[in-house]
Amino acid sequence: MRVLASVHNKEKLDSFLRGISKFTSEVYASGGTYKYLSDAGIKCRNISDLTGFDQLLDGRVKTLHPAIFAGILSKRDEASKNQLAELGFPEFDMVIVNLYPFNEVAKEHNLEKMIENIDIGGLSLMRAGAKNYENVTVVSSPDQYDAITSELMQSGKISNETRKRLAIKAFSRAADYDISIYSSMNHELFGTAPPTLYLKGVNGKELRYGENPDQKGYLYSDGTKFGIANASQLQGKELSYNNILDADSAFETLLEFQEPTAVVLKHNTPCGVASADTLASALKKAIAADEESAYGSVIAVNRTFDPDSVEVVSKLFVEVLIAPDYDHQAMELLKKKKNLRVLKVPLVPDEKLRVRSISNGFLVQERLSTKFDDLARKTSTEATEEQIRDLMFAWKVVAHSRSNAIVLAKDNATVGIGAGQTSRIEALKVAVGRAGQKAAGSVLASDAFFPFADNVEMAHRSGISAIIQPGGSIRDDEVIAKAEEYGIPMYFTGKRVFLH
């Protein structure tokens, strides 16, 4: 087996070649790789023996030569062999190649360094080896060395099935590399969204089904260690498509809060959210906000799950539990609920663009933010300090409730949520209906402006004590006047927080 090696990351290359030495007849290596292997005592030949030059243009050209690529792309048929024999070109059976670290360099935003780390020859070698997988084993990463060594030791050859898998991995690496270069260079040169959007997902797996049993569903990760797509499942049944959607919505809502907070979520919108001095207290308040809806819910918390918290949820049917960590005793108790899906995920927000598929296309936008410039009081009546606190709490929750949405809150806990309605007054009716007697004395947050004063009239009848809303309606003056009439403090954020 004749080997060609040209790598940027030389880690373990010498030990790999030693491990498979009895299966190799000859090793060729490019510039820096040749020196590294020679210094390590590996017998090899410089590719300059084939190409007739060491390197050109300060290393920009090393492997781009017919003597190299003909040996990789040969079909191994009689015509190919005769042609290579006439030219004195050898055939290569294994190509070991990895690429310049463009992604790492791009983080520095140094355009000159980025350009010099766009790999040309290595990427071409990788594609050529992958294209001819029927005859060539393409090794595109040091993490493949051990498996290849093991297969050679066991069977004395690399199977066609393994060559196929290695080729697909090489094509994947090449595609990812090209997309990274395109996106980073576009940003560096123009500072705009790329005219063509490429979506990257790794570690793809098929789910049991999609939203419904007759739909296929899949989950892909962005390759980081963060977010619900990369959560560690510590126990429980397989996550469903809907579980993952709900878990992500609960997670995003939770990120709004710093104090101990619990989010109870059902059908992709919160049904109970609360903050308290302890996690167990927050859980009790969040569940009590809508006990009926809490059955079969997803629950997310922003503190280490402890035994007191387990006690709170022990008699409740919960589909998914999410926390940044779990103490040992809590996990031992949770194991009694074998079907409960327990996820561990760091509380790190994902600030990348959000992508949503539509028929024959995609919508892309920045991540939703609840922050606004100024809380503007529009009435002569002021809210108390406690009411302001609850208004800000409700504002954070309403931003993560499906529009049209109204959230009623009191004492750092929701008491009624009306979400996903086709009119704002209907959303308020649902919120008040959920709250019942608890609506009295609560504050109200709306995710968009009040189109009519009837919302304020209903708020007054329900005993609501203060209102926060974006403002911006052509009837703002009427709405404010009605709040003034009833002595209800009203505040504008100047920002809409729709969530469709």
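The values are calculated or read from the model by the stated rules, or taken from the named source; none is laboratory data. All of these numbers come straight from a predicted model, not from anything done at the bench. Every residue, glycine as well, gets a Cβ built from its backbone with ideal geometry; the counts of neighbours run over all protein chains shown.
Quick notes on this one:
- Lys10 within 22 Å of Asn117 (Cα to Cα) and assigned to a loop (DSSP other than H, G, I, E, B): yes
For every residue, the table says whether it meets (1) among the basic types (Lys, Arg); (2) in contact with a Phe, Trp or Tyr (Cβ under 9 Å, 6 or more places away or on another chain); (3) under 27 Å from Ser240 (Cβ atoms); (4) assigned by TED's automatic domain parsing to the domain that holds Lys266.
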site	(1), (2), (3), (4)
Lys315	yes, no, yes, yes
Val320	no, no, yes, yes
Lys352	yes, no, yes, no
Arg356	yes, yes, yes, no
Ser380	no, no, no, no
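- Residues of the stretch 67-123 satisfying the condition of being surrounded by 19 or more Cβ atoms within 10 Å (Cβ to Cβ), outside any loop (DSSP other than H, G, I, E, B) and among the polar types (S, T, N, Q): none
- Test: residue in the stretch 93-108 that is aromatic (Phe, Trp, Tyr) and closer than 30 Å to Asn186 by Cα: yes
- Hits in the stretch 435-471 (condition: crowded, with 24+ Cβ neighbours inside 10 Å and farther than 27 Å from Ala288 by Cα): Phe450
- When each of Gly463, Gly487, Gly472 is tested for being of a type in the set (Gly, Ala, Ser) and either modelled with pLDDT under 95 or within 23 Å of Lys371 (Cα to Cα) (or both), the lone residue that passes is Gly472.
- Residue list for the stretch 245-261, restricted to those being surrounded by fewer than 20 Cβ atoms within 10 Å (Cβ to Cβ) and assigned to a helix (DSSP H, G or I): Leu245
- Members of the stretch 15-61 that are crowded, with 16+ Cβ neighbours inside 10 Å and part of a helix (DSSP H, G or I): Phe16, Leu17, Gly19, Phe23, Gly31, Thr33, Tyr34, Tyr36, Leu37, Ser48, Leu50, Thr51
- Cβ-Cβ contacts under 9 Å between residues 6 or more apart (or on different chains), taken from a first residue in the stretch 387-401 that is at negative phi to a second residue that is assigned to a helix (DSSP H, G or I) and not aliphatic (A, V, I, L, M), are listed as Lys396/Thr253; Val397/Thr253; Ala399/Thr253; His400/Ser249; His400/Glu252; His400/Thr253; Ser401/Thr253.
- Going through (1) closer than 17 Å to Ala394 by Cβ; (2) outside the structural domain of Arg402 (by TED's automatic domain parsing) one by one, Phe449 falls short only on (2).
- Single residue of the stretch 207-222 satisfying the filter (outside any loop (DSSP other than H, G, I, E, B) and not hydrophobic (A, V, I, L, M, F, W, C)) that is surrounded by the fewest Cβ atoms within 10 Å (Cβ to Cβ): Tyr218
- Conditions (1) under 16 Å from Asn412 (Cβ atoms); (2) surrounded by 22 or more Cβ atoms within 10 Å (Cβ to Cβ); (3) within 29 Å of the chain's Cα centre (by Cα); number of the one not met by Arg303: (2)
- Residue match in the stretch 272-284 (condition: in a loop (DSSP other than H, G, I, E, B) and out of contact with any helix residue (DSSP H, G or I) (no Cβ under 8 Å at 6 or more places or on another chain)): yes
- Applying the criterion of being in contact with a helix residue (DSSP H, G or I) (Cβ under 8 Å, 6 or more places away or on another chain) and under 24 Å from Thr414 (Cβ atoms) to the residues of the stretch 223-244, the residue that is surrounded by the most Cβ atoms within 10 Å (Cβ to Cβ) is Ile228.
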